[in-house]
Amino acid sequence: MTDQPFWNPKTELMPRTDLRELQLAKLRRVVAWAKERSPHYRRTLAGVDPDRLRTWADIDRIPFLTRDEWMASQDTHPPFGELPVTGAENAIRLHTTSGTSGRTPLRALDSRKDWSWTAEMWCYALWAAGVRPRDIGYVAFGYGSFIGFWGLHNALEKIGALTIPGGAQTTTQRVRQIHDFGATVVASTPTYALRLAGEAEEIGIDLVNGPVRTLILSGEPAGSIPETKALIERKWGARAFDTAGMTEVSTIVMFEPAEQPGGCHVIEDHLLEQVIDPETGREVGYGERGERVCTSFGRSAIPLLRYRTSDLVVKVPHTRASSGRTWDLYAGGIIGRVDDMKLVRGTNVYPGAVEAIVRGFDGIEEFQIRISRPAERDEIELLVETLPTVDDAGWALMADRLTAELADAHEGLRFHVRRAATGELPRFELKAKRLTDLRPAG
């Protein structure tokens, strides 16, 4: 098996007509399951007959589910809300969202079967990135209640790779373990991959000429920003692969295979994904930017039907793939969030677009975007923490170029670029929060 490139060639190479029939059959089954057992879905699916879901267009009969609805359900029926089909007595795991937004974390239950499925989905991604039983995998992750890389850990073990949990340690300790244990695969967020690389440089460990050959990135849209990905690959001397998932599904929903850089295959034998206009809710066509709507066939304890993710994506057909898989792709993976966009003096500002420019400059350690309204109009500031090797003259040139490139990419909007002191800006292990909006609400 180790010589073939597909984890499950039967479904990864399945003809599209057969794949669509499989998806609709699974959809009918999960709708029936949810309608019978979940208090939430018993209400929202009251007028939906599972047997009548026979075409793609029929999916629109199923109402959307939003995060706000899920959270409200938790608040009124604590601690897990009305979405689950069972209570904690039949679950073996409890995980939460990261809580980076400052809101109450979403809580999710998984059965033994669900957790096995979670690992299986990660196996698709790891295998497509070239991970094999001979590898040594290091998981640079805190192992708390955030679901994060728990499923990846189990998938490494399922494949047969030696798996090293990197929890409850400092960044320095993790870098030393990666070096001392000869890790060949490292999993982390894109931001933390850069932080690990910076720490390695500080303590004199040569990652570029070390054994790490594969980086599995997840948790942030930064993994799909070409400039950020290229910087990570240069600092590690390894190939980086983008993945994306969410707590609401319990696992990943897409992955970037070795044969298809820059595009992430949707795991279509286990998920049904639509892309909609965030304003109208209508499905958009291939090549159009829109919001991901996810239906999962694998998590039985908490069925997920037409969940509005707030992820911005551009779906392209499987015929664009060079990997041989018949699954559609998201070009560039997750390209941002619907709620990430900020309007500054009539100009749309996306954190990912700013990062794409910043990561094109050598010598930048960390950055932050701050939006404020000190007087009559909005102002936007970019704080940049540079490496010690950047002197005053180098910074002056860098600041001028950053100001010009940011203005050029944002309809002439002027960013106030300021140099931050060493160590002034926050560092992140999980999802980075690099934009702060200080404007009064309303």
- line: Taking segment 277-291 and keeping only residues that are open to solvent by less than 90 Å² (accessible area, probe 1.4 Å) and in a strand (DSSP E or B), one is left with GLU283, GLY290, GLU291
- request: Name the residue, out of ARG195, ARG174, that is open to solvent by 10 Å² or more (accessible area, probe 1.4 Å), under 24 Å from the mean Cα position of the chain (by Cα) and within 15 Å of LEU430 (Cβ to Cβ).
  value: ARG195
- line: Sole miss for HIS95 among (1) outside any loop (DSSP other than H, G, I, E, B); (2) open to solvent by less than 60 Å² (accessible area, probe 1.4 Å); (3) in contact with a strand residue (DSSP E or B) (Cβ under 7 Å, 6 or more places away or on another chain); (4) at pLDDT 95 or above is condition (4)
query: Considering only residues of segment 245-259 that are touching a residue at least 60 places away in the same chain (Cβ under 8 Å) and part of a loop (DSSP other than H, G, I, E, B), which is surrounded by the most Cβ atoms within 10 Å (Cβ to Cβ)?
result: GLU256
task: Give the residue that is surrounded by the most Cβ atoms within 10 Å (Cβ to Cβ), with candidates limited to residues of segment 355-382 that are farther than 20 Å from ILE225 by Cα and touching a Lys or Arg at 6+ places or on another chain (Cβ under 8 Å).
output: ILE380
field: Within segment 157-171, tally of residues that are open to solvent by 70 Å² or more (accessible area, probe 1.4 Å) and among the β-branched types (Val, Ile, Thr)
entry: 1
message: Of the residues GLY144, GLY167, only one is more than 19 Å from the chain's Cα centre (by Cα), free of Cβ contacts under 8 Å to residues at least 40 places away in the same chain and closer than 30 Å to PRO78 by Cα; which?
response: GLY167
message: Just checking, does segment 92-99 include any residue being closer than 26 Å to LEU430 by Cα and more than 24 Å from the chain's Cα centre (by Cα)?
response: yes
query: For ALA187, are the conditions met, namely being open to solvent by less than 20 Å² (accessible area, probe 1.4 Å) and in contact (Cβ under 8 Å) with a residue 24 or more places away in the chain?
result: yes
statement: Inside segment 5-15, the number of residues satisfying the requirement of being open to solvent by less than 50 Å² (accessible area, probe 1.4 Å) and not aromatic (Phe, Trp, Tyr) is 4
- prompt: If we scan segment 427-434, do we find a residue that is within 30 Å of SER98 (Cα to Cα), open to solvent by 80 Å² or more (accessible area, probe 1.4 Å) and either more than 25 Å from the chain's Cα centre (by Cα) or modelled with pLDDT of 90 or more (or both)?
  reply: no
message: Pull out all pairs, ordered by first then second residue, where Cβ-Cβ is under 7 Å, the residues are six or more apart or on different chains, the first lies in segment 220-235 and is in contact (Cβ under 8 Å) with a residue 40 or more places away in the chain and closer than 17 Å to PHE255 by Cα, and the second is open to solvent by 40 Å² or more (accessible area, probe 1.4 Å) and among the hydrophobic types (A, V, I, L, M, F, W, C).
response: PRO221/ILE335; SER224/ILE335
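Conditions (1) open to solvent by 70 Å² or more (accessible area, probe 1.4 Å); (2) free of Cβ contacts under 8 Å to residues at least 60 places away in the same chain; (3) over 19 Å from CYS294 (Cβ atoms), marked per residue:
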| residue | (1), (2), (3) |
| --- | --- |
| LEU22 | no, no, no |
| GLU36 | yes, yes, yes |
| PRO39 | no, yes, yes |
| PHE80 | no, yes, yes |
| LEU109 | no, no, no |
message: surrounded by 13 or more Cβ atoms within 10 Å (Cβ to Cβ) and free of Cβ contacts under 8 Å to residues at least 40 places away in the same chain: is that true of ILE136 in this structure?
response: no
message: Exactly one of these conditions fails for ASP51: (1) over 26 Å from the mean Cα position of the chain (by Cα); (2) within 24 Å of MET121 (Cα to Cα); (3) of a type outside the set (Gly, Ala, Ser). Give me its number.
response: (2)
message: Residues to consider are PHE141, PHE181, PHE149; find the one that is out of contact with any Gly (no Cβ under 8 Å at 6 or more places or on another chain) and either buried (at least 18 other Cβ atoms within 10 Å of the Cβ) or at pLDDT below 95 (or both).
response: PHE149
query: What do you reckon, is TRP33 assigned to a helix (DSSP H, G or I), within 19 Å of PHE297 (Cβ to Cβ), at pLDDT 95 or above and aromatic (Phe, Trp, Tyr)?
result: yes
message: I need the full set of residues from segment 326-345 which are part of a strand (DSSP E or B) and under 26 Å from ARG16 (Cα atoms), in order please.
response: LEU329, TYR330, ALA331
task: Hey, could you check segment 221-244 for residues that are open to solvent by 20 Å² or more (accessible area, probe 1.4 Å) and closer than 22 Å to PHE146 by Cβ and say which is nearest to the chain's Cα centre (by Cα)?
output: PRO221
statement: Here the qualifying pairs (Cβ atoms under 8 Å; residues six or more apart or on different chains; first in segment 316-328 and at pLDDT below 90; second open to solvent by 40 Å² or more (accessible area, probe 1.4 Å) and among the polar types (S, T, N, Q)) come out as none
task: Have a look at VAL417, VAL390 and point out the one that is closer than 27 Å to ARG195 by Cα, of a type outside the set (Phe, Trp, Tyr) and part of a loop (DSSP other than H, G, I, E, B).
output: VAL390
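The values are calculated or read from the model by the stated rules, or taken from the named source; none is laboratory data. Please read these numbers as outputs of a predicted model, since none were measured by experiment. Don't worry about glycine lacking a Cβ; one is built from the backbone with ideal geometry, like all the others, and counts go over all protein chains shown. Accessible surface areas use protein heavy atoms only, side chains included; no ligands, DNA or RNA. Shrake-Rupley method; radii C 1.70, N 1.55, O 1.52, S 1.80 Å.
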